[in-house]
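Student: This is the structure, below, for whatever I ask next.
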Amino acid sequence: MNQVRVRFAPSPTGFLHVGGARTALFNWLFARHSKGKFFLRIEDTDLSRSTDEAIEAIFDGMRWLGLDWDEWEASETNPVRQTARFEIYREKVETLLAEGKAYRCYCSPDELAARRKEALEARKVPRYDGRCRLLTAPDPERPAAVRFKASSEGEIVVDDMVKGEVVFDSRTVDDLIIMRSDGSPTYNFCVVVDDVDMQISHVIRGDDHLNNTPRQIQLYEALGYTQPRFGHLSMILGADKSRLSKRHGATAVQQYRDEGYLPEAMVNYLVRLGWSHKDQELFTLPEMIEKFSMAHVGSSAAIFNPDKLLWMNANYIKTGDAKRIAQLLRPHLEGLGVDAGQCDPDHLLRVVKALRERSRTLKEMAESAFYFFSDKISFDDKAKKFLTVENLPILGAVRQKLEGVPFEHDPLQEAFRSISESMDKKLAKIAQPVRAAVTGKTVSPGIFDVLEILGKEKALERLDDQIDALS
Ligand code: GLU
């Protein structure tokens, strides 16, 4: 086979949608697996939506997921943007006109709308009736749209990599406008011209584009180009089986980043939305690249399951490289007002190691880590129940004992054990008020780990504060 060359071609909407990210990932994996090329193409012909910010949001999402793209040698911009190619589309339109494969259409939008209404009233499928095809002397000076002369003969067969053979009756394909009367080229036309110029071998995209494929195939034929192979990915649905939308929760990839998801968890989750390899759920990136194949992309719709994504995220937090997680945790701490730039890296690392078993997101981890960093801890209601006059002797005994103990796990454990013996109370009865006093909570990692990470100075200060308040 010739080199695999694929592309992800988003129209900027202001964020990278989960569905778009899945399409990008499948293209990327397919390219990386076969040592081919993966291009990004920004379809920015809708000028009202294609702001620099909206385009930047796509780059941002792609970079976060780690989906790097190759540079298309022939493009002046990287990645390629359709707005930079208007001249090329216009030239191709001229060629089709000169060859008699396209024609000028003078029908006004009002006329078209009236005919459409008529057709609908007569219960017919509205399509352009082709009347301007018959004009013998079109006036090149008069504003006109340009329509492609579609063929209505026979069938158009798409041999789809995901859906199998999909057959379209050519009579359903009408004469598509390829350039509007204001001179702007249209989506289906630009896509074909670009895919040909970029020598795209496989077009892998959402199946919301399946109905465009027969039109595009006719354009390939008219322009004398060989078609790529097509693969249409089934839509991603919410739990209620309707198309994934904001009603089902976050749909922007960046929102997951902000909620404290790891990119590797997101990528792993996305790859399983339609692709499978036996019953394996967790994949490293190299494993995904090695095992990915379009042959194992299912044709039924995938259901987005936020609980599974959360489970994967917890798993990656638990097992990932602690240093990297510490790095990723910083912005979440900053979000809570902690000056994470000032944090000692070793201290941060110890916090991550203590909390990773019990945090499902980085945001959760930052919230649970707050008392390690801030001087102003807050006490939740459950913790307050342990900070009572009855427990004052325990806090006092611990305070006194800890003064002379090195703040390391084993000596701390030894100290607590001896207090528990001398006071004739279970270890948990001693630990819980101490935990409440130093963390403000009743749930935390083991008390000896907490004290060790907190350090003697802070721990004793917090005990003193509670002893003073209760005395
Ligand atoms: N720009 C189109 C979209 O964002 C994709 C076109 C294609 O992949 O052919 O839906």
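Student: Does Ser75 fit the bill of being small (Gly, Ala, Ser), free of Cβ contacts under 8 Å to residues at least 12 places away in the same chain and surrounded by 13 or more Cβ atoms within 10 Å (Cβ to Cβ)?
Tutor: Answer is yes for this residue.
Student: So, one more: Give just the number: which of (1) in contact (Cβ under 8 Å) with a residue 24 or more places away in the chain; (2) away from the ligand (no atom under 13 Å from the Cβ); (3) touching a Phe, Trp or Tyr at 6+ places or on another chain (Cβ under 8 Å); (4) among the hydroxyl-bearing types (Ser, Thr, Tyr) does Thr226 not satisfy?
Tutor: (1)
Student: Count, please, the residues in region 320-359 that happen to be more than 29 Å from Gln466 (Cα to Cα), crowded, with 19+ Cβ neighbours inside 10 Å and free of Cβ contacts under 8 Å to residues at least 60 places away in the same chain.
Tutor: Counting residues in region 320-359 that are more than 29 Å from Gln466 (Cα to Cα), crowded, with 19+ Cβ neighbours inside 10 Å and free of Cβ contacts under 8 Å to residues at least 60 places away in the same chain gives 2.
Student: While we're looking at this one, here's another question. Of the numbered conditions (1) closer than 21 Å to Met198 by Cβ; (2) away from the ligand (no atom under 11 Å from the Cβ); (3) at pLDDT 95 or above, Asn2 satisfies every one except a single condition; which is it?
Tutor: (3)
Student: Let me ask something additional. Mind counting the residues in region 276-310 that are touching a Phe, Trp or Tyr at 6+ places or on another chain (Cβ under 9 Å), part of a helix (DSSP H, G or I) and under 30 Å from Arg350 (Cβ atoms)?
Tutor: Looking only at that region, the number is 2.
Student: Moving on to the next point. When you check Arg41 against the structure, is it under 19 Å from Val297 (Cβ atoms) and either within 13 Å of the ligand (Cβ to nearest atom) or in contact (Cβ under 8 Å) with a residue 40 or more places away in the chain (or both), yes or no?
Tutor: Against the criterion (under 19 Å from Val297 (Cβ atoms) and either within 13 Å of the ligand (Cβ to nearest atom) or in contact (Cβ under 8 Å) with a residue 40 or more places away in the chain (or both)), Arg41 does not qualify.
Yes/no per residue for (1) farther than 20 Å from Ala98 by Cα; (2) surrounded by fewer than 17 Cβ atoms within 10 Å (Cβ to Cβ):
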site	(1), (2)
Pro138	no, yes
Ala150	no, no
Val167	yes, yes
Val173	yes, no
Ile178	no, no
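Student: Among the residues of region 26-70, how many are of a type outside the set (Ser, Thr, Tyr), under 16 Å from Asp195 (Cα atoms) and modelled with pLDDT under 95?
Tutor: Total meeting the criteria: 1.
Student: Being touching a Lys or Arg at 6+ places or on another chain (Cβ under 9 Å) and in a loop (DSSP other than H, G, I, E, B) is the filter here, so list the residues in region 72-85 that pass it.
Tutor: Trp72, Ser75, Pro79 - these are the residues of region 72-85 that are touching a Lys or Arg at 6+ places or on another chain (Cβ under 9 Å) and in a loop (DSSP other than H, G, I, E, B).
Student: What pairs come out if I take residues in region 1-29 that are under 15 Å from Ile204 (Cα atoms) and assigned to a loop (DSSP other than H, G, I, E, B) and pair them with residues that are modelled with pLDDT under 95 and more than 13 Å from the ligand (Cβ to nearest atom) whose C-beta lies under 8 Å away, six or more apart or interchain?
Tutor: Pairs that qualify, where the first residue is under 15 Å from Ile204 (Cα atoms) and assigned to a loop (DSSP other than H, G, I, E, B) and the partner is modelled with pLDDT under 95 and more than 13 Å from the ligand (Cβ to nearest atom): there are none.
Student: When the residues of region 8-37 are filtered to those that are under 19 Å from Val191 (Cα atoms) and of a type in the set (S, T, N, Q), which remaining residue is nearest to the ligand (Cβ to nearest atom)?
Tutor: Ser11
Student: Kindly list the number of the only condition in (1) more than 26 Å from Pro345 (Cα to Cα); (2) part of a helix (DSSP H, G or I) that fails for Arg462.
Tutor: Of (1) more than 26 Å from Pro345 (Cα to Cα); (2) part of a helix (DSSP H, G or I), only one is false for Arg462: (1).
The values are calculated or read from the model by the stated rules, or taken from the named source; none is laboratory data. Note that the coordinates shown come from a computational prediction; the quantities given were computed from them, not determined experimentally. Quick reminder, even Gly has a Cβ in these numbers, built from the backbone with ideal geometry, and neighbours come from all protein chains shown.
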